[in-house]
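Student: Handing you this structure, nothing more for now.
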Amino acid sequence: MKRYSRITGTGSFLPPRRVTNADLVAQLAERGVETSDEWIRERTGISARHFADAGVYSSDLGLEAAKRALEAAGRSAQEIDLIIVATSTPDMVFPSTACILQNKLGANGGAAFDVQAVCSGFIYALTIANAMIQTGAANRALVVGAEVFSRILDFNDRTTCVLFGDGAGAVVLEASSKPGILASDLHADGKHVDILCVPGHVSGGGVLGDPVLKMDGQAVFKLAVGVLEESARLVLAKAQRSASDVDWMIPHQANIRIIQSTAKRLKLPMEKVIVTVDQHGNTSAASIPLALDFAVRCGKVQPGQTLLLEGVGGGFTWGAVLLNL
Ligand code: UT7
């Protein structure tokens with residue numbers, strides 16, 4: 001019998017400190033950085049984001065999201081034999097945030113590792129977990145996207161610091177005789193490293209280079225809309241489905257204009273698109289599982305429906321997963 005993988009539970013967590021555009025505008029004004037609620041909302045669709053307090057790490061946010069996903073799946077941490085954490089803001093250089101999370105969960109013994117594909121990280125991680133389950137390398141996985149992007153923002157750079165937030169989302173993915181994940185599609189093009197990066201690194205006891213996010217927003221925007229459409233078409237073709245079979249698109253939440261333009265190119269009405277960027281900002285690898293869990297818990301997304309998940313981010317990386325919930 002063919003072996004598939006299915007999502008059996010979702011969970012998410014936002015750090016309690018909610019920062020509205022008005023809060024951020026006031027904080028930035030104290031540094032002499034000029035921006036406005038109107039600019040942020042009109043250009044990005046963002047109204048608020050959450051920031052983690054000092055001393056709270058990606059593994060802490062991931063832990064809460066993971067506990068909720070396990071509870072929704074009716075599983076204990078001890079039943080998990082694979083943990084993949086997608087993050088670009090790991091707790092440490094090493095060990096992986098997945099190992100730290102595994103220990104916090106008390107799920108010790110199974111495989112655990114991080115995936116670094118920036119905002120496409122959750123799509124990469126879900127694809128790897130699916131492949132490992134299909135080949136029998138794992139039976140029950142916890143796939144987490146967790147980020148504290150507030151730690152790598154330059155709050156003197158108004159073109160980037162208004163865009164991002166912190167949070168975590170998680171799914172439990174289990175072996176199944178019925179298809180959950182129908183197809184996935186992954187890509188990267190390393191020639192675009194410079195348009196979205198944090199160029200600093202740890203060396204000789206210090207940080208060398210710039211440890212804050214640098215982005216050419218317009219270049220990212222242009223690339224994003226093209227590759228998101230292409231990847232959606234490729235994943236649908238692989239699964240022998242068409243856009244009209246999609247009940248919900250759950251895209252990476254970077255900018256409402258990127259989301260709208262992808263939906264339009266795919267002829268998907270916005271009523272079929274899950275949008276959380278207004279309340280979460282861009283939480284990088286956490287954004288898709290956060291949006292998925294939000295949509296499940298508010299009852300929009302129902303079991304049995306077909307979901308198109310897709311992401312794009314630094315690298316440049318992009319990809320999509322088509323699944324039946
Ligand atoms: O997760 C994947 C990573 N990120 C993305 O997907 C982001 C992709 N890019 C974007 O979302 C958009 O390019 C941005 C939201 C970053 C920028 O929007 P834009 O419409 O491309 O604006 P722009 O960069 O063309 O800037 C327009 C103007 C500029 O002023 P001038 O040169 O026209 O006088 C900027 O200096 O807006 C100015 N500006 C701001 N003004 C107020 C840039 N940031 C701000 C700001 N507040 N925060």
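Student: Pairs needed: first member in the stretch 282-302, on the phi > 0 side of the Ramachandran plot; second member anywhere, within 16 Å of the ligand (Cβ to nearest atom) and small (G, A, S); C-beta distance under 8 Å; at least 6 residues apart or different chains.
Tutor: Partner pairs satisfying both residue conditions: S284/S88; S284/G121; S284/G145; S284/G313.
Student: Mind listing just one residue for me: the one in the stretch 261-279 that is more than 12 Å from the ligand (Cβ to nearest atom) and in a helix (DSSP H, G or I) and, of those, nearest to V19 (Cα to Cα)?
Tutor: Initial filter on the stretch 261-279 (more than 12 Å from the ligand (Cβ to nearest atom)): 263-276, 278-279.
Still in the running and in a helix (DSSP H, G or I): 263-265, 270-272, 278-279.
Details: A263: 28, K264: 30, R265: 33, M270: 26, E271: 27, K272: 28, D278: 12, Q279: 10 Å.
If we take residues in the stretch 261-279 being more than 12 Å from the ligand (Cβ to nearest atom) and in a helix (DSSP H, G or I), then Q279 is nearest to V19 (Cα to Cα).
Okay, residues lined up against (1) basic (K, R); (2) assigned by TED's automatic domain parsing to the domain that holds V171; (3) closer than 29 Å to C298 by Cα; (4) touching a residue at least 40 places away in the same chain (Cβ under 8 Å):
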residue	(1), (2), (3), (4)
G11	no, yes, yes, yes
T20	no, yes, yes, no
R31	yes, yes, no, yes
I40	no, yes, yes, yes
A54	no, yes, no, no
S59	no, yes, yes, yes
E64	no, yes, yes, yes
Q78	no, yes, yes, no
V93	no, yes, no, yes
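Student: Here's something else I'd like to know. Out of all the residues in the stretch 241-248, is one or more in a helix (DSSP H, G or I), among the aliphatic types (A, V, I, L, M) and either surrounded by fewer than 21 Cβ atoms within 10 Å (Cβ to Cβ) or at pLDDT below 95 (or both)?
Tutor: Kept after step one, since they are in a helix (DSSP H, G or I), are these residues of the stretch 241-248: 243-245.
Still in the list and also among the aliphatic types (A, V, I, L, M): 243.
Filter once more, keeping what is either surrounded by fewer than 21 Cβ atoms within 10 Å (Cβ to Cβ) or at pLDDT below 95 (or both): 243.
Looking through the stretch 241-248, at least one residue is in a helix (DSSP H, G or I), among the aliphatic types (A, V, I, L, M) and either surrounded by fewer than 21 Cβ atoms within 10 Å (Cβ to Cβ) or at pLDDT below 95 (or both).
Student: Moving to a separate point now. Report yes if some residue within the stretch 154-175 is more than 16 Å from the ligand (Cβ to nearest atom), hydroxyl-bearing (S, T, Y), outside any loop (DSSP other than H, G, I, E, B) and over 21 Å from G304 (Cα atoms); otherwise report no.
Tutor: No: zero hits.
Student: Select, from A285, A291, A295, the only residue that is part of a helix (DSSP H, G or I), within 20 Å of A66 (Cα to Cα) and within 12 Å of the ligand (Cβ to nearest atom). Don't jump to the end; show me each part of the working.
Tutor: Details: A291 fails: within 12 Å of the ligand (Cβ to nearest atom); A295 fails: within 12 Å of the ligand (Cβ to nearest atom).
Sole residue among the options that is part of a helix (DSSP H, G or I), within 20 Å of A66 (Cα to Cα) and within 12 Å of the ligand (Cβ to nearest atom): A285.
Student: So, one more: How do the helices (runs of 4 or more DSSP H) wholly within the stretch 18-121 filter down when requiring 2 or more residues that are polar (S, T, N, Q): which remain?
Tutor: Working: elements: 21-30, 37-44, 58-73, 97-105.
Once the helices (runs of 4 or more DSSP H) in the stretch 18-121 are filtered for at least 2 residues that are polar (S, T, N, Q), what remains is 21-30, 58-73, 97-105.
Student: Check the stretch 228-240 and report whether any residue there is over 30 Å from Y4 (Cβ atoms), of a type outside the set (D, E) and not assigned by TED's automatic domain parsing to the domain that holds E42. Talk me through it step by step, then tell me what you get.
Tutor: Within the stretch 228-240, the first condition is being over 30 Å from Y4 (Cβ atoms), and the residues that meet it are none.
Checked the stretch 228-240: no residue is over 30 Å from Y4 (Cβ atoms), of a type outside the set (D, E) and not assigned by TED's automatic domain parsing to the domain that holds E42.
Student: Out of contact with any strand residue (DSSP E or B) (no Cβ under 6 Å at 6 or more places or on another chain) and among the aromatic types (F, W, Y): is that true of F122 in this structure? Outline the logic, then answer.
Tutor: Numbers: out of contact with any strand residue (DSSP E or B) (no Cβ under 6 Å at 6 or more places or on another chain): no; among the aromatic types (F, W, Y): yes.
Taking the combined requirement at face value, the residue does not satisfy it.
Student: Here is a further query. On the given criteria, is P179 under 21 Å from P303 (Cα atoms) and modelled with pLDDT under 95? Break it down into steps so the answer makes sense when it comes.
Tutor: On the way: under 21 Å from P303 (Cα atoms): yes; modelled with pLDDT under 95: yes.
So P179 passes the test.
Student: Mind listing whichever residues of the stretch 210-219 are out of contact with any Ser or Thr (no Cβ under 9 Å at 6 or more places or on another chain) and in a loop (DSSP other than H, G, I, E, B)? If you could, list the steps in order and put the result at the bottom.
Tutor: Of the stretch 210-219, the ones out of contact with any Ser or Thr (no Cβ under 9 Å at 6 or more places or on another chain) are 210-211, 216, 218-219.
Once the filter is applied, which keeps residues that are out of contact with any Ser or Thr (no Cβ under 9 Å at 6 or more places or on another chain) and in a loop (DSSP other than H, G, I, E, B), the stretch 210-219 yields D210, P211, D216.
Student: Only one of these conditions is not met by L308: (1) within 15 Å of the ligand (Cβ to nearest atom); (2) buried (at least 24 other Cβ atoms within 10 Å of the Cβ). Which number is it?
Tutor: For L308, the failing item is (1).
The values are calculated or read from the model by the stated rules, or taken from the named source; none is laboratory data. Being a predicted model, the structure only gives us computed values, none of them experimental. Glycine also receives a Cβ, built like all others from the backbone with ideal geometry; neighbour counts cover every protein chain displayed.
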